[in-house]
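Colleague: Sharing a structure with you now.
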Amino acid sequence: MKYVNIFAAAVALSLSFISLNAAADASAEKARVVIQVSDADAGKWNLALNNAKNVQQAYGADKVDIEIVTYGPGIGMLKIDSAIANRIEDSKKAGVSVVACQNTMKNMKLTNDDMLPNTSYVPSGVVEIMKKQGEGYAYLRP
Amino acid sequence: MKYVNIFAAAVALSLSFISLNAAADASAEKARVVIQVSDADAGKWNLALNNAKNVQQAYGADKVDIEIVTYGPGIGMLKIDSAIANRIEDSKKAGVSVVACQNTMKNMKLTNDDMLPNTSYVPSGVVEIMKKQGEGYAYLRP
Amino acid sequence: MKYVNIFAAAVALSLSFISLNAAADASAEKARVVIQVSDADAGKWNLALNNAKNVQQAYGADKVDIEIVTYGPGIGMLKIDSAIANRIEDSKKAGVSVVACQNTMKNMKLTNDDMLPNTSYVPSGVVEIMKKQGEGYAYLRP
């Protein structure tokens, strides 16, 4: 009976290792990066989209998760009058996630009607950036 | 005797796993972020304090550790003539840690008398930011 | 035979733990930071070099790995007419790695002849920054 317990413990430990290794492999397989846009600067917006494109070209679009988080003065990137609306649409079609911070919108009295169609939202851009880093995403602030 | 050894090894391994899991749980329980302020730009200083406030509101002030590190041109945020002295005081009362880089102060020939009362110091802002990331803090540069 | 297997499994698990701990110790021994330069701003370039120097002074130059990655508008830091060419040379002699993004160079139609002598290159600055973070480097954007 004792041996059975030991054996069961060993198996359980082995399985734990396998799942640990599987998690490590999964993160190794797919690169991930969260890109922060917090400046009211169209040059920075373009740079962020260029960076996303280069990353997709380097890894292959299906082998990297990219999320661009706009907040604070950077929220203008996703407003309906954004100077780079077309490029954002292209970027989203290419598989890049682009999200707007609802905290910022509330502070600036912006509603969804003030934003580009099909915009995705997160409650707090900063919290989103923290969470993504916690999940193993690299951080980039162009 | 051999079985006892095996059993002891299994127990030791199990304990190792328990402590690993405990460490993971501890970091999961409390969110942590280090916020860099290195620009001589009061707009950025306000944004950093707004970000800290939003993070506290999202997690609950007692469930997140926030440290704002000022260095280089950002050191002005904590100088005695800072344009946002009152807001910094409020932020510290709310539990946000705000520190000044002594390396920068030395280079700029600033003494503690040039800084806001009750300012906290670190020997090097950059090293502080590196250490915090090494401890698992997310990084944010508003 | 069964006991031997269990014992072998326990030994294998123990060895796994030892290697895990060794890896953790190795990363703890040597501090590492990747510094991003993506602005066309000589003040930022100087700040990046100052930061690298301070980090070396704090840890000891042989106890920290520092890589400065220039890309986008920051590539000017390593162009042949860079305002801080001498400082970059000093920094490299002190053991700081400084690299230029070939993606940016292609977009700006820059060749190696347009860059400082002895410049090191990476295919993509952003991918380099992501990879370094994946290896455990702290991230700093001065």
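Readers should treat all values here as calculations from the given coordinates under stated rules, not as data from a laboratory. Owing to the predicted nature of the structure, the values given are computational and were not obtained by experimental measurement. For neighbour counting, all protein chains shown are included, and Cβ atoms are generated from backbone atoms with ideal geometry for every residue, glycine included.
Colleague: Summarise the partner chain shielding of C:121-132 as one whole number: the mean count of Cβ atoms from other chains within 10 Å of each residue's Cβ.
Modeller: Counting other chains' Cβ atoms within 10 Å and averaging over C:121-132 gives 5.
Colleague: On alpha-carbon atoms, Rg over Rh for the stretch C:98-141 using Kirkwood Rh? Could the numbers behind the result be given before it?
Modeller: Numbers: Rg = 11.8 Å, Rh = 11.4 Å.
Rounded to two decimals, Rg/Rh equals 1.03.
Colleague: What does DSSP give for the stretch C:43-142 in terms of the percent of beta bridges that are antiparallel, rounded to the nearest 5?
Modeller: 10 percent
Colleague: Taking the Cα centre of each part, how many Å lie between the stretch A:53-98 and the stretch B:23-97?
Modeller: For the stretch A:53-98 versus the stretch B:23-97, the Cα centre distance is 28 Å.
Colleague: Quick one: with label points 7 Å out along Cα→Cβ, list the inter-copy distances for A:G134 in nm, shortest first?
Modeller: Listed shortest first, these distances are 2.3, 2.3 nm.
Colleague: Tell me the net charge near C:L116. Cut-off is 15 Å between Cβ atoms, C:L116 excluded, with +1 for each Lys or Arg and -1 for each Asp or Glu.
Modeller: Every neighbour counted, the sum reads -1.
Colleague: When Cβ neighbours within 10 Å are restricted to other protein chains, what is their mean count per residue of peptide A:58-69? Walk me through the numbers on the way to the answer.
Modeller: Details: counts 8, 3, 0, 0, 0, 0, 2, 0, 0, 0, 0, 0.
Taking all residues of A:58-69 together, the mean is 1.
Colleague: Moving on to the next point. When only C-alpha pairs under 8 Å and at least 6 residues apart count, what is the relative contact order of the stretch A:54-142, in percent?
Modeller: Once normalised by length, the contact order is 29 percent.
Colleague: Still on this model: Counting only Cα, what are the radius of gyration and maximum Cα-Cα distance Dmax of the stretch A:47-142, in Å?
Modeller: Cα-based Rg and Dmax for the stretch A:47-142 come out at 13.1, 39 Å.
Colleague: If the limit is 20 Å between Cα atoms, which of A:K79/C:K106; B:K131/C:K132; A:K53/C:K79; A:K30/C:K132; C:K44/C:K106 go over it?
Modeller: Values: A:K79/C:K106 31 Å; B:K131/C:K132 16 Å; A:K53/C:K79 24 Å; A:K30/C:K132 15 Å; C:K44/C:K106 23 Å.
A:K79/C:K106; A:K53/C:K79; C:K44/C:K106, as the Cα separations exceed 20 Å there.
Colleague: Can you tell me the Rg and the Dmax, both Å, for the Cα atoms in the stretch B:34-83?
Modeller: Taking only Cα atoms of the stretch B:34-83, I get Rg and Dmax of 11.5, 32 Å.
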